[in-house]
Amino acid sequence: MTWRNETVRTNFEEVLRRNPGETEFHQAVEEVFDSLDLVLDKHPEYGDQSILERICEPERQIVFRVPWVDDEGKVRINRGFRVQFNSALGPYKGGLRFHPSVLLGTVKFLGFEQVFKNALTGLPLGGGKGGSDFDPKGRTDGEVMRFCQSFMTELHHHIGEYTDVPAGDIGVGTREVGYLFGQYKRLTHRYESGVITGKGITWGGSPMRPEATGYGTVFFTEHMLTTRGRSFDGARVLVSGSGNVAHFAIEKVQQLGGTVVGCSDSSGAVYDPAGIDLELLHQVKQVERGRISDYAGRRADARFLDGVNVWQVAGEAEVDVALPCATQNELDGADAKFLVDRGVLAVAEGANMPCTPEAVAVFRGADVLFGPGKAVNAGGVATSGLEMQQNASRDAWTHEHTEARLAEIMHGIHERCAATAEEYGRPGDYVVGANVAGFSRVADAMLALGVV
Ligand code: NDP
Ligand code: 2IT
């Protein structure tokens, strides 16, 4: 990377020096910093007040041991994390990820992204993230519960509805949020609904929270498509992953008249020319907690592509839109070139940082509509914000009302990104729009709060 601004360059070198080996965190910082020369030209006060340096340093990082006992009676040890990144706009807010790949640098990258994403929603939310290297795959309900209880036994010291409000992410859904909240309630003797979001609907959850990230991703993409006179109606779509975000992205694409011809998991992809059967996908992945290959085996005309990512399906079918909804760095430069050669019109990041920097450069260079994760997938945390509003007012909204609020927030984020890109001389560049709009909101609050 050649930096165009000296303040940005020296700050980035400092991030590399102070956070050795945390490559995902470096990547997330680099992607935001790439847009900041434009901001510093207009606002030298951000540089003078060391905002770049401050914003890269989490306010607090908590790393802890999580001991638990498996079904055979063996003691297991995992590592737990909570990175409280920035509270200039509100209490720390962001999910928990349970996946064997989770390291401190993973949580820092996710927390850093979360700060700007939350700012883009327009809601009063700071940014944080947490998780563990615990692998829920193949674990029984009892094991998952004991792990969650042990994890919360430490975490409860650090969270609260006015302090830090976790939620789900990879490997953490309603089941895990239930076990976590149950333990928090026992430890604190309080029914503090607003301490965690993604709760079940009968115990303080919000309608639409399960759907929110996937639906929001599709709402944002639809707004991008509209700028080119296109829509999801009749579009052919690839979605990576088959978890929470992927499932509801597929559902909303189908509702808008598109066909999702492929999805995936970490073992391979499925090509389903007739369009994904969501009921079967739900049965296989959520009820049976099985693999995408089981889906392919039970669906006529569908084919399992062993060990490849879903972008390879573009070799079999026409594809208009690609929605990476699985994990970081799952779509690289070669995948991006392949999709561009096959005529893809739009790519939007339902996951956090799924496209490598090389892939992003290919899409932007080819004039493909490209929506960055911090804008595209903000509907999840925004609806968590709506869950907090309902908890605080002891209210429960309808599905329709909550979906309308989500749609309105996603429209607002799209407009904010588009207007900011225009203002900074990069019309249509959602990367610049999202980075600059998110950064500016946090930076202004930090300046107003003094040296914090
Ligand atoms: P889930 O755990 O529900 O699903 C994750 C999916 O991604 C699974 O299909 C999983 O496959 C696949 N996956 C995970 N790791 C890998 C890997 N290393 N290689 C290939 N595939 C992988 O998680 P979510 O749907 O909640 O999260 C997906 C993405 O969306 C993440 O990037 C998350 O940070 C982001 N996100 C989530 C939000 C939410 O509200 N849940 C909000 C905003 C962003 P397998 O089953 O084989 O592991
Ligand atoms: O990455 C994300 O935005 C999430 N996993 C959701 C966070 C939240 O607090 O709902």
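The values are calculated or read from the model by the stated rules, or taken from the named source; none is laboratory data. The shown structure was predicted, so the numbers you read here are calculated from the model rather than taken from an experiment. FYI the Cβ positions are ideal-geometry reconstructions off the backbone, even for glycines, and counts take in every protein chain you see. Heavy atoms of the whole protein, side chains included, go into the accessibility calculation; ligands, DNA and RNA do not. Shrake-Rupley method; radii C 1.70, N 1.55, O 1.52, S 1.80 Å.
Scanning the range 213-243 for residues that are open to solvent by 20 Å² or more (accessible area, probe 1.4 Å), in contact (Cβ under 8 Å) with a residue 12 or more places away in the chain and under 22 Å from L120 (Cα atoms), which turns out nearest to ligand 2 (Cβ to nearest atom)? Walk me through how you get there before you give the answer.
Going residue by residue through the range 213-243, those that are open to solvent by 20 Å² or more (accessible area, probe 1.4 Å) are 219, 222-223, 226-231, 233-234, 236, 243.
Add one more test, that the residue is in contact (Cβ under 8 Å) with a residue 12 or more places away in the chain, and what stays is 219, 222-223, 227-228, 230-231, 233-234, 236, 243.
Filter again for under 22 Å from L120 (Cα atoms), leaving 219, 222-223, 227.
Numbers: F219: 15, E222: 20, H223: 19, T227: 24 Å.
In this case the residue turns out to be F219.
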**Message:** Could you check the range 157-195 and list, in sequence order, the residues that are more than 15 Å from ligand 2 (Cβ to nearest atom), in a helix (DSSP H, G or I) and of a type in the set (F, W, Y)?
**Reply:** Y179, Y184
**Prompt:** Which one is farthest from the chain's Cα centre (by Cα) among residues in the range 287-303 that are open to solvent by less than 50 Å² (accessible area, probe 1.4 Å) and touching a residue at least 12 places away in the same chain (Cβ under 8 Å)?
**Reply:** A302
**Asked** Of these, L96, L110, which one is touching a Pro at 6+ places or on another chain (Cβ under 6 Å) and within 13 Å of ligand 1 (Cβ to nearest atom)?
**Response** L96
**Asked** Taking E387 and the conditions (1) closer than 25 Å to E192 by Cβ; (2) without any contact (Cβ under 8 Å) to a residue 12 or more places away in the chain; (3) within 23 Å of the chain's Cα centre (by Cα), which numbered condition does it fall short on, given that it satisfies the others?
**Response** (2)
**Request:** Please go through the range 27-81 and pick out each residue that is free of Cβ contacts under 8 Å to residues at least 60 places away in the same chain and of a type in the set (G, A, S).
**Result:** G47, S50, G73
**Prompt:** For V102, all conditions in the list (1) more than 23 Å from S440 (Cβ to Cβ); (2) away from ligand 2 (no atom under 16 Å from the Cβ); (3) crowded, with 16+ Cβ neighbours inside 10 Å hold save one; what is the number of the exception?
**Reply:** (2)
**Of all residues in the range 124-143 being in a loop (DSSP other than H, G, I, E, B) and open to solvent by 20 Å² or more (accessible area, probe 1.4 Å), the one that is farthest from ligand 2 (Cβ to nearest atom)** = T140
**Request:** Looking only at the range 110-126, count how many residues are in contact (Cβ under 8 Å) with a residue 60 or more places away in the chain and within 14 Å of R60 (Cα to Cα).
**Result:** 2
**Item:** Count of the range 169-194 residues which are in contact (Cβ under 8 Å) with a residue 60 or more places away in the chain and either touching a Phe, Trp or Tyr at 6+ places or on another chain (Cβ under 9 Å) or hydroxyl-bearing (S, T, Y) (or both)
**Value:** 8
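Filter the range 361-385 for residues that are within 11 Å of ligand 2 (Cβ to nearest atom) and either surrounded by fewer than 23 Cβ atoms within 10 Å (Cβ to Cβ) or of a type outside the set (A, V, I, L, M, F, W, C) (or both) and give the result. Working first, answer last.
Kept after step one, since they are within 11 Å of ligand 2 (Cβ to nearest atom), are these residues of the range 361-385: 373-374, 376-385.
G373, K374, N377, G379, G380, T383, S384, G385, listed by residue number.
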**Complete:** Given the conditions (1) touching a His at 6+ places or on another chain (Cβ under 6 Å); (2) open to solvent by less than 10 Å² (accessible area, probe 1.4 Å), every one holds for A28 apart from (1)
**Message:** Going residue by residue through the range 270-286, is there one that turns out to be of a type in the set (G, A, S), open to solvent by 30 Å² or more (accessible area, probe 1.4 Å) and either under 17 Å from V347 (Cβ atoms) or part of a helix (DSSP H, G or I) (or both)?
**Reply:** no
**Message:** For T202, only one of the following conditions fails: (1) under 24 Å from H401 (Cβ atoms); (2) surrounded by fewer than 24 Cβ atoms within 10 Å (Cβ to Cβ); (3) touching a helix residue (DSSP H, G or I) at 6+ places or on another chain (Cβ under 8 Å); (4) among the β-branched types (V, I, T). What is its number?
**Reply:** (3)
